[in-house]
Amino acid sequence: VITEVVDDEGRPVTPREYGSRLLVTVLGSRTLPLIRYELSDSVRMLPGPPCPCGRPFIRIGGVQGRAKEALRLPAARGGHILVQANIIHRAMELLPLTGWQVVQDDTGITIHITGLAERVDTGQGGWRLADALALAGADAPPVRAVRVPAVSRTALGKAPLIRSVRGGATHPGPGQDEPEDTD
């Protein structure tokens with residue numbers, strides 16, 4: 001098995017740097033060899049010698065999640081960063097709610113919140129997420145939170161945690177179905 005961690009343009013990244021996707025080549029399969037099979041997970045490899053256990057393989061140092069399920073934001077120190085759903089989970093987990101979905105568009109970030117107790121201000125969700133994005137190193141756009149009856153779902157019933165709607169593309173309103181992604 002040969003693994004390659006690459007950026008958005010398919011160029012290799014250095015060890016300890018998270019890439020946009022993982023390419024896997026399996027030549028040992030007699031029925032179906034895989035050549036540069038693409039996985040959309042953002043991973044980083046560990047540098048240096050192989051595993052101390054004696055196996056000659058490169059080791060994975062971390063998995064952030066799928067690049068498609070992340071917010072791409074300007075970094076506070078220049079460039080861009082990907083903020084994975086686990087950062088948002090940590091920000092939202094202390095709120096008494098039943099679900100959330102983050103929608104990024106050209107105007108900023110909106111958190112669609114379901115099941116939040118009426119006595120709780122939706123602004124808490126916005127403040128928590130804005131703080132979490134800043135701690136992750138993002139120069140975050142405006143963040144707001146709104147109560148919705150249900151989060152948007154795909155045609156197959158999936159409710160993605162993060163949706164990016166950029167460049168004037170339209171998206172269904174909260175609780176409405178959206179077309180299934182074909183990627």
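Only the coordinates and a few stated rules stand behind these numbers; no lab work does. These figures come from a predicted structure and were not determined experimentally. Neighbour counts run over all protein chains shown; Cβ positions are idealised from the backbone, glycine included.
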(request) Mind jotting down the distance between the C-alpha centroids of the stretch 1-53 and the stretch 68-126, whole Å? (result) 29
(request) Report, by chain and number, residues whose modeled amide H sits under 5 Å from the one on ALA138, excluding near sequence neighbours (fewer than 5 apart, same chain). (result) ALA76
(message) Ranking request for peptides 108-117, 132-141: highest mean number of other beta-carbon atoms within 10 Å first, then the rest in descending order.
(response) 108-117, 132-141
(request) Could you give the size of the charge dipole of the chain about its Cα centre, using +1 on the Cβ of each K and R and -1 on the Cβ of each D and E, expressed in debye and rounded to the nearest 20? (result) 540
(request) Name the long-range amide H neighbours of GLY61: under 5 Å, sequence gap of 5 or more, or other chain; modelled H, no Pro or chain starts. (result) ARG44, MET45, LEU46
(message) If I take every Cα pair under 8 Å that is 6 or more residues apart in the chain, average their sequence separation and divide by the length, what percent do I get for the relative contact order?
(response) 15
(message) Just want the answer: with Cβ charges of +1 for Lys and Arg and -1 for Asp and Glu, which residue in PRO15, LEU39, LEU95 is farthest toward the dipole's positive end in the chain?
(response) PRO15
(request) Could you run the Karplus curve 6.51 cos²θ - 1.76 cosθ + 1.60 with θ = phi - 60° over the stretch 125-140 and give me ³J(HN,Hα) per residue in whole Hz, x for Gly and Pro? (result) x, x, 5, 4, 5, 4, 5, 5, 5, 5, 5, 7, x, 8, 9, 6
(message) Taking only the Cα atoms of the chain, how large is their convex hull per residue, in Å³?
(response) 161
